[in-house]
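What follows is a set of notes on a single structure, which appears directly below.
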Amino acid sequence: MKPKILAVCGTRPDAIKMAPVVISLRKQQEIQTILAVSGQHKEMLEQALSAFDLTPDANFDIMRKDQSLAYITTSVLESVSIMLEDLKPDLV
């Protein structure tokens, strides 16, 4: 069974920084790399990922109208918690 690595990003700057890491990890056949995104700033995030030809494996899709910082924070934490429980990755 291949070890699982979960990479998570939320915003365009996150995606730009994480893209080279995810690309490099995905080249390693002995590991499974899962890319999850929060869905914050959806259009900008998709644009950044597409520049690197990356498609997320999971999208938390947390964006809501008139959202607060507290909503964003709790939604991301809850989504990551569920994903950790489901996937049981070896590294995040």
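The values are calculated or read from the model by the stated rules, or taken from the named source; none is laboratory data. Everything quoted here is computed from the prediction, not taken from an experiment. Accessible surface is based on the protein model in full, side chains and every heavy atom, while ligands, DNA and RNA are left aside. Shrake-Rupley method; radii C 1.70, N 1.55, O 1.52, S 1.80 Å.
Being open to solvent by less than 50 Å² (accessible area, probe 1.4 Å) and at pLDDT 95 or above is the requirement here; does Val76 meet it? Taking the combined requirement at face value, the residue does not satisfy it. If you take the residues in the stretch 1-56 that are of a type in the set (Ser, Thr, Tyr) and open to solvent by 50 Å² or more (accessible area, probe 1.4 Å), which one is farthest from Tyr71 (Cα to Cα)? Once the filter is applied, the top-ranked residue is Ser24.
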